Amino acid sequence: MSNKLISWTLFILLCFIWGSSFILMKASKQGLTAPQIAALRIFSAGVFFIPFAFFHARHIPKSRMGLVVLTGLFGNLLPAFLFAAAIMKIDSSLTGILNSLTPICVVIIGALFFKSKTSLQKIIGVIIGFAGLCLLTFSRKDVNLHNLGYTGLVLLATISYGLNVNIVGKYLKEIKPVFMASVSLSIMCIVAGIVLWQQGFLTLDFADPVVQWSILNACLLGIVGSAFATVLFYALVQKAGGLFASLVTYGIPFVALFWGFLDGEIITLKDIGCLLLILTGVFLSNLQIKKPTPVAESNQPVKQP
């Protein structure tokens with residue numbers, strides 16, 4: 001199987017997995033609080049990886065271990081809590097749309113902190129994407145002064161993702177994705193376990209079907225949406241580059257809109273129009289324009305036919 005085919009297969013799988021994660025978070029909030037959802041998500045993902053982390057840690061250079069921990073922080077732990085808090089007040093479909101700003105964050109953070117070159121085309125893309133975001137934010141009836149801060153939480157999550165993509169793409173290319181995912185999530189599992197204990201998770205009524213259903217969705221979110229998907233994502237970053245990997249957010253909003261529609265959320269033409277505007281900005285900010293290859297000069301005489 002060619003690298004291109006593998007990359008697109010990973011791309012499609014990630015679109016479906018992460019696009020479905022927002023509806024799973026929404027289902028989890030019926031019996032769990034936002035901190036409990038996020039902590040259980042990371043805890044279940046970390047527990048799943050613990051048996052492997054002991055063997056994989058030895059393959060990670062000590063000089064890179066700190067960066068691997070940061071990938072767990074910025075790529076999993078912080079976004080999990082930010083998204084869980086946001087989903088309590090805004091629709092899962094809107095959350096999926098706002099998540100499409102991740103590639104733009106990748107470009108901006110790469111230019112500001114990782115010395116990535118930024119062209120005029122990328123700047124225009126960022127402006128268009130931001131305009132789409134503003135229109136979407138102020139056109140939604142479910143976004144007002146009372147929950148505007150929750151929209152900002154999603155934006156913070158995309159910034160965290162953008163930072164993580166740049167770290168992996170620049171400093172951790174030589175480390176196998178499963179090594180990074182297993183070690184980073186296993187370490188984050190400790191933090192998540194402490195949060196679960198402090199948030200009274202052990203005092204829940206586990207005989208309640210609503211609590212059982214919420215826990216099942218949160219664990220599925222962790223094992224599939226964090227553990228399995230993180231391995232796929234890091235593999236995609238290494239195979240196709242950080243910018244292409246971040247384009248997964250092209251497909252995530254459409255999957256999120258689909259699940260939101262099935263769940264009874266109201267999707268308007270304005271939402272779709274704003275989504276297309278955001279994706280246009282993302283597309284421009286990540287479009288690779290090939291420069292013509294200069295023809296090498298030769299001192300040899302040109303032979304006449």
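The values are calculated or read from the model by the stated rules, or taken from the named source; none is laboratory data. Predicted, not measured: the structure shown is a model, and the values here were computed from it. In this analysis, Cβ positions are derived from the backbone assuming ideal geometry, glycine residues included, and neighbour counts consider all displayed protein chains.
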Cβ pairs under 7 Å, 6+ apart or interchain, first in region 171-191 and within 22 Å of ALA240 (Cβ to Cβ), second outside any helix (DSSP H, G or I) and β-branched (Val, Ile, Thr), ordered by first then second residue, are ILE175/ILE60; PHE179/ILE60
Looking at PHE22, PHE49, PHE54, which one is modelled with pLDDT of 90 or more and of a type in the set (Phe, Trp, Tyr)?
PHE49
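Where in region 17-134 are there helices (runs of 4 or more DSSP H), lying fully within it, with 1 or more residues that are more than 25 Å from GLY242 (Cβ to Cβ), touching a residue at least 60 places away in the same chain (Cβ under 8 Å) and not β-branched (Val, Ile, Thr)?
Counting at least 1 such residues, we get 34-56, 78-86, 92-98.
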Selection within region 145-202 - within 22 Å of PHE113 (Cβ to Cβ), assigned to a loop (DSSP other than H, G, I, E, B) and in contact with a helix residue (DSSP H, G or I) (Cβ under 8 Å, 6 or more places away or on another chain):
LEU172, LYS173, ILE175
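Each row is one residue, and each column tells you yes or no for (1) more than 13 Å from the chain's Cα centre (by Cα); (2) polar (S, T, N, Q); (3) under 14 Å from ILE252 (Cα atoms); (4) buried (at least 23 other Cβ atoms within 10 Å of the Cβ).
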residue	(1), (2), (3), (4)
MET25	yes, no, no, yes
ILE50	yes, no, no, no
MET65	yes, no, no, no
PRO79	no, no, no, yes
LYS89	yes, no, no, no
ILE97	no, no, yes, yes
CYS105	no, no, no, yes
Of the conditions (1) out of contact with any Lys or Arg (no Cβ under 9 Å at 6 or more places or on another chain); (2) of a type outside the set (D, E, K, R); (3) closer than 22 Å to GLN212 by Cα, SER28 fails just one. Which one is it?
(1)
The listed residue being buried (at least 17 other Cβ atoms within 10 Å of the Cβ), of a type outside the set (Ser, Thr, Tyr) and closer than 14 Å to THR71 by Cα, out of VAL231, VAL195
VAL231
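Every residue, every condition in (1) modelled with pLDDT under 75; (2) aliphatic (A, V, I, L, M), yes or no:
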| position | (1), (2) |
| --- | --- |
| VAL237 | no, yes |
| VAL295 | yes, yes |
| VAL302 | yes, yes |
| PRO305 | yes, no |
Of (1) more than 30 Å from SER7 (Cβ to Cβ); (2) without any contact (Cβ under 8 Å) to a residue 60 or more places away in the chain, VAL231 fails just (1)
